[in-house]
1. Can you list residue pairs whose Cβ atoms sit under 6 Å apart, with the first residue in region 394-414 being of a type in the set (Lys, Arg) and the second being surrounded by 12 or more Cβ atoms within 10 Å (Cβ to Cβ)? Count only pairs 6 or more apart in sequence or on different chains.
2. Conditions: (1) over 30 Å from residue 138 (Cα atoms); (2) more than 27 Å from the chain's Cα centre (by Cα). Residue 72 meets all but one. Number of the miss?
3. Can you tell me which of 113, 102 is of a type in the set (Lys, Arg) and either part of a loop (DSSP other than H, G, I, E, B) or farther than 23 Å from residue 436 by Cβ (or both)?
4. Could you list all residues from region 257-291 that are assigned to a loop (DSSP other than H, G, I, E, B) and either free of Cβ contacts under 8 Å to residues at least 24 places away in the same chain or open to solvent by 10 Å² or more (accessible area, probe 1.4 Å) (or both)?
5. Going by the conditions given, is residue 326 assigned to a helix (DSSP H, G or I), at pLDDT below 90 and buried (at least 24 other Cβ atoms within 10 Å of the Cβ)?
6. Does residue 314 satisfy the criteria of being part of a helix (DSSP H, G or I), within 35 Å of the chain's Cα centre (by Cα), among the small types (Gly, Ala, Ser) and buried (at least 24 other Cβ atoms within 10 Å of the Cβ)?
7. Identify, please: which residue in region 189-239 is among the hydroxyl-bearing types (Ser, Thr, Tyr) and open to solvent by 10 Å² or more (accessible area, probe 1.4 Å) and is, among those, nearest to residue 98 (Cα to Cα)?
8. Consider region 539-570. How many of its residues are of a type in the set (A, V, I, L, M) and open to solvent by 30 Å² or more (accessible area, probe 1.4 Å)?
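The values are calculated or read from the model by the stated rules, or taken from the named source; none is laboratory data. The structure presented is a predicted model; accordingly, all values stated were derived computationally and were not measured. Using ideal geometry, Cβ is built from the backbone for each residue, glycine included, and neighbour counts are taken over all protein chains shown. Accessible surface areas use protein heavy atoms only, side chains included; no ligands, DNA or RNA. Shrake-Rupley method; radii C 1.70, N 1.55, O 1.52, S 1.80 Å.
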Amino acid sequence: MGERLANWVIKWRFAIVAVTLALVVAAGSGARFLLFDTDYRIWFSEDNPQLQAFETIQNTYTKYDNLLFVLVPKDGDVFTRSTLAAVEWLTEQAWQVPYSIRVDSLSNFQHTRGEADELIVQDLYTDAESLTDADLEYVRQTALSEPLLVNRLVSPRSHTTGVNVTVQPPGIRTDLEVPEIAEFCRDLAENMKQRFPDIEVRLTGIVMMNNAFPEASRHDISTLIPLMFAVVVLVLALMTRSVVGTLGTVLVIAFTVIMTMGLAGWSGMKLTGASASAPTIILTLAVADCVHILVNFIHAMRNGAGKYPALAESLRINLQPVFLTSITTAIGFLSMNFGDVPPFRDMGNLVALGVMLAFAFAVIFLPAFIAIMPIRVRQRQTHGDRAMTAFAEWVIKRRQMLLWVVGPLMLFLIAFIPRNEFNDEFVKYFDESIQFRRDTDFTTQNLTGIYTIQYSLNAGESSGISDPEFLAKVEEFAQWFRQHPDVLHVNSITDTLKRLNKNLHADSADWYKVPQQRDLAAQYLLLYEMSLPYGLDLNDQINIDKSATRFVVTTQSLSTKKTLEMVEQAREWLMDSGLARAGDIEGSSPNIMFAHITGRNIRSMLVGTTVALILISLILIVALRSLKLGLISMVPNLLPAALAFGLWGIVVGQVGLSISVVSAMSLGIIVDDTVHFLTKYTRARREQGMSAADAVRYAFSTVGMALWVTSLVLVAGFLVLSQSAFQVNSGMGLLTAIVIVFALVADFLFLPPLLIKLSGKRLDLGIKATTEKFN
């Protein structure tokens with residue numbers, strides 16, 4: 001089959017190159033339709049229960065998507081005329097932010113006070129430049145004593161303040177809407193710095209997080225892909241010492257990436273932070289097929305074969321294993337469709353498509369290209385050939401020791417897998433080179449947090465939120481949360497009602513409590529709502545029929561474990577208090593969604609990985625025509641991921657979203673080494689009647705150097721990916737690189753001794769084989 005394909009390719013080489021170029025151009029033109037989806041909700045499937053709970057709250061009340069301007073005066077005091085004037089100016093300008101529906105700040109905070117029997121509702125201050133010292137002190141005391149402001153819009157030390165903008169884009173073109181908002185706000189921040197040079201401005205919030213996803217991806221595409229190309233060219237040039245082979249491989253890689261992303265564009269797929277890493281992964285994997293064909297082609301020419309016969313021989317011995325490795329790699333990535341994270345499904349589908357395209361280019365275009373180009377190879381045995389021969393002898397001679405040493409070391413590492421714990425903090429998806437991460441960390445330390453827990457507390461009846469019993473329990477819930485050391489702020493309707501009750505009792509501190517009469521509480525709310533200006537109503541806290549209220553807790557940046565513990569404790573409190581009798585007791589928010597996603601994805605990916613392992617094992621059993629070898633192949637295919645997770649448990653100890661897909665993804669990659677080694681091993685045993693030891697020598701001689709080169713390229717590629725500023729990609733890249741290293745160790749140091757041990761025959765372990773015999 002391989003020889004017939006080679007003869008066909010050589011015969012039609014010029015036509016093949018021309019048709020390939022035409023197909024690449026046609027398919028690649030679809031890349032212009034690729035768009036980035038900037039909504040963080042894309043990370044969750046439609047049936048995700050945490051997403052559904054959060055969407056229910058979002059649809060009941062005003063949406064909570066926001067952008068926060070954080071103002072830091074250099075003199076360390078917010079309550080000065082110049083800083084308060086800056087807040088006032090920015091508040092007015094922030095209404096011009098695209099799709100803004102609400103702006104909250106110190107200046108437009110609806111301060112209330114009582115005069116006789118009247119309720120006065122007005123901005124906390126106006127015309128800051130004209131405020132007297134007494135006015136400034138009044139604003140300071142009022143703001144720092146107001147629960148709705150402290151740790152939300154002003155820091156307790158009064159050194160930082162914020163202007164919060166709530167936005168509600170239509171969601172029709174998220175690739176344009178979010179960048180439009182972010183760009184406008186950045187320009188506004190720059191304008192602010194020029195007008196008020198003594199105030200530092202930082203930007204954070206959900207909108208800026210959404211915008212950080214595509215920005216990080218574009219940065220990776222512009223830096224990592226060129227870097228990976230450079231690594232591939234360098235490694236190939238050093239290992240093959242063939243300009244034509246290196247150029248041909250680079251063309252295969254480029255064609256594969258262009259065609260894959262072009263077809264993605266034609267299909268209407270939107271890119272995300274995860275799927276945008278597909279070109280780097282495809283680029284890395286596409287090298288492997290080319291290397292195996294090139295190494296055996298060059299090896300044959302060094303032993304005296306002509307160019308065309310060498311091509312035919314290389315395709316003869318590589319077509320089946322290259323096809324098998326492509327299929328198994330594709331299966332590994334397609335198994336990601338079992339996961340609960342749509343961007344990883346897209347990435348898996350893109351890489352699977354790219355792998356199969358790379359196979360087609362490697363066995364059709366690459367031989368045609370080499371057949372056209374002039375190439376010379378010196379007839380000599382390389383240092384690599386001699387090194388592999390010597391290494392094979394070392395492994396065979398020490399096979400017993402390797403089994404007894406490598407085996408226990410593997411068990412030792414595997415024992416540390418339980419040390420890993422789930423942790424997903426979406427802010428930390430971005431490293432500190434990303435401005436959003438730096439600004440958010442600063443905000444959490446100096447003003448307020450971006451992590452929230454939201455509840456819709458249901459009173460069970462229309463206008464039920466005015467029920468004193470219900471309000472008393474809501475207030476108890478708020479006080480319970482405020483006792484928690486990791487809670488920064490609690491936003492509860494009871495704080496507004498306590499203030500109104502106090503105002504309408506001559507501002508007496510004794511009346512700063514929840515109203516004890518239902519009709520009185522209802523009147524307070526009605527009076528207050530009628531006094532509020534446009535855009536500052538209570539729709540973000542109360543539903544339409546006043547049967548439920550939104551309750552928002554802002555926390556420090558917490559680990560997944562701490563977040564879920566807090567949510568569970570709150571759930572128990574709600575159950576015990578009876579407040580949950582008619583409401584949803586599960587807290588929801590973006591960070592709650594991310595806190596659950598790793599566990600959900602790992603559970604679903606266990607099914608995907610199992611299915612992939614079964615399919616790959618069946619393919620190997622059929623291809624190798626041996627149940628025994630098919631089962632043996634499972635050992636080096638399963639061990640690397642287990643070893644990598646064990647090492648990860650020792651060094652890192654935290655498993656996030658990106659790590660949850662590594663087992664399935666890497667399974668399809670690491671099986672390549674096993675397939676190539678076992679196909680050469682079985683060829684030697686069946687076609688040349690060699691003993692197990694000689695078959696191991698043959699496998700090392702014919703494929704050992706190729707495995708070394710491909711593993712080096714794969715590790716380099718995923719290490720390049722680990723340099724991504726997007727932690728989902730960097731963590732996945734680093735752990736996958738570790739898996740590949742362990743795979744090479746397993747295939748070189750554990751599989752050969754295992755094959756000899758289980759061969760079931762008395763072996764002649766003398767050094768019979770020569771390089772000529774293996775050819």
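1. These pairs meet every condition: 399/753; 399/756.
2. That leaves (1) as the condition not met.
3. Numbers: 102 fails: either part of a loop (DSSP other than H, G, I, E, B) or farther than 23 Å from residue 436 by Cβ (or both).
Just a single option satisfies the conditions, and that option is 113.
4. 268, 269
5. Working: assigned to a helix (DSSP H, G or I): yes; at pLDDT below 90: no; buried (at least 24 other Cβ atoms within 10 Å of the Cβ): yes.
No: the conditions fail for residue 326.
6. Values: part of a helix (DSSP H, G or I): yes; within 35 Å of the chain's Cα centre (by Cα): no; among the small types (Gly, Ala, Ser): yes; buried (at least 24 other Cβ atoms within 10 Å of the Cβ): yes.
So residue 314 fails the test.
7. Looking only at region 189-239, we keep the residues that are among the hydroxyl-bearing types (Ser, Thr, Tyr), and these are 204, 217, 222-223.
Narrowing further to those that are open to solvent by 10 Å² or more (accessible area, probe 1.4 Å): 222-223.
Values: 222: 29, 223: 31 Å.
Per the criteria, the residue is 222.
8. We begin by selecting, within region 539-570, every residue of a type in the set (A, V, I, L, M); these are 542, 544, 548, 552-553, 558, 564, 566-567, 570.
Next, only the ones that are open to solvent by 30 Å² or more (accessible area, probe 1.4 Å) stay: 544, 564.
Within region 539-570, residues that are of a type in the set (A, V, I, L, M) and open to solvent by 30 Å² or more (accessible area, probe 1.4 Å) number 2.
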